[in-house]
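Some notes on the structure that comes next.
The values are calculated or read from the model by the stated rules, or taken from the named source; none is laboratory data. These numbers were taken from a predicted model, which means no experiment stands behind them. FYI the Cβ positions are ideal-geometry reconstructions off the backbone, even for glycines, and counts take in every protein chain you see. To get the accessible areas, we keep the full protein, side chains included, count just its heavy atoms, and leave off ligands, DNA and RNA. Shrake-Rupley method; radii C 1.70, N 1.55, O 1.52, S 1.80 Å.
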Amino acid sequence: MCGRYASTKNPATLAAEFDAVDATEDAIKGPDYNVAPTRNVVAVVQRHPRDEDGEPDMSTTERTLRVMKWGLVPAWAKDPKGGAKMINARSESAAEKPAFRTSWTKRRCLMPADGWFEWQRDGKVKQPYFTTRKDGASLAMAGLWTVWRDKEKPDSEPLVTCSVLTMPAVDQLAQIHDRMPVLMPPDRWNAWLDPDNMDPSGLIMPPSEDFLAALELRPVSPAVNSIKNNGPELLAPATEQDEPALFDPGR
């Protein structure tokens, strides 16, 4: 957890929803109903704007929508190959882990999602489930981000990557999987994104009863098992014709 999610709203819609400036520069080409690790995703960040000399204006902040690759590559990594294994960060230990601790204090983000997929095991079979909001509003998954630069190619474009924070699953979600993404309600967005907040640990807490009541958890077609499948039918409730299939993310 979390290994797949859906993000289908266009950047203009997300910018309005998160009160942010769209800085994606048309890098997101369309809805993604089956977001997989290492793909480009939209993230919300809040930073101090910089002047022409690169100096930050500490008196104000600007919230923007950015494009990042899902799978965090620490700034000290020799190469970006390990990013695919760093799609999640455990909220209980991120502040101490070398790969995440700088991002924990200085580079936090929100990763908008229609919802996320999880698989419930029944013997050798895994049944996919989709968790989403009943009212269609975006979920804001708490995330960490960083910038990696190729020291052997100093003129190359920096690589911006991110990771989803996770926590122990609660309520009905725990019946599917023991972990879930950390979900940030709107009243905690400012504090989580605040670049001057060096200790966000107090913002990590289970969703409220009202928040949980606004969620829908439904079984969906095993067609989502393959990253080659990508369409709105993946989010539809499973039907009797949907046969369980072994989880094969590369099929």
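Report yes if some residue within segment 157-166 is under 21 Å from Ala75 (Cα atoms), among the β-branched types (Val, Ile, Thr) and open to solvent by 20 Å² or more (accessible area, probe 1.4 Å); otherwise report no.
There is at least one residue in segment 157-166 that is under 21 Å from Ala75 (Cα atoms), among the β-branched types (Val, Ile, Thr) and open to solvent by 20 Å² or more (accessible area, probe 1.4 Å).
Would you mention how many residues in segment 3-20 are open to solvent by 40 Å² or more (accessible area, probe 1.4 Å) and assigned to a loop (DSSP other than H, G, I, E, B)?
3
Return a yes/no flag: does segment 100-115 have any residue that is of a type in the set (S, T, N, Q), crowded, with 20+ Cβ neighbours inside 10 Å and in contact with a helix residue (DSSP H, G or I) (Cβ under 8 Å, 6 or more places away or on another chain).
no
At least 1 residues that are at pLDDT 95 or above and among the aromatic types (Phe, Trp, Tyr) in each: list the strands (runs of 3 or more DSSP E) lying fully within segment 74-166 that qualify.
Per the criteria, 115-122, 125-133, 139-148.
Could you grab me the full set of residues in segment 178-190 that are open to solvent by less than 50 Å² (accessible area, probe 1.4 Å) and either farther than 26 Å from Ala20 by Cα or assigned to a loop (DSSP other than H, G, I, E, B) (or both)?
Across segment 178-190, the qualifying residues are Arg179, Val182, Met184, Pro185.
Report the residue count in segment 116-128 for those that are in contact (Cβ under 8 Å) with a residue 40 or more places away in the chain and open to solvent by 40 Å² or more (accessible area, probe 1.4 Å).
Adding up the residues that qualify gives 6.
Could you please give the count of residues in segment 216-236 that are surrounded by 18 or more Cβ atoms within 10 Å (Cβ to Cβ) and in a strand (DSSP E or B)?
Qualifying residue count for the region: 1.
Consider segment 35-75. How many of its residues are among the aliphatic types (A, V, I, L, M), surrounded by fewer than 18 Cβ atoms within 10 Å (Cβ to Cβ) and touching a Phe, Trp or Tyr at 6+ places or on another chain (Cβ under 7 Å)?
Total satisfying the criteria: 1.
Mind listing whichever residues of segment 48-73 are at pLDDT 95 or above and among the acidic types (Asp, Glu)?
Glu62
Looking at the structure I just gave you, is Gly202 at pLDDT 95 or above and either open to solvent by 50 Å² or more (accessible area, probe 1.4 Å) or in contact with a Ser or Thr (Cβ under 7 Å, 6 or more places away or on another chain) (or both)?
yes
Looking at segment 21-28, is at least one residue closer than 23 Å to Asn225 by Cα and either out of contact with any Cys (no Cβ under 8 Å at 6 or more places or on another chain) or open to solvent by less than 30 Å² (accessible area, probe 1.4 Å) (or both)?
yes
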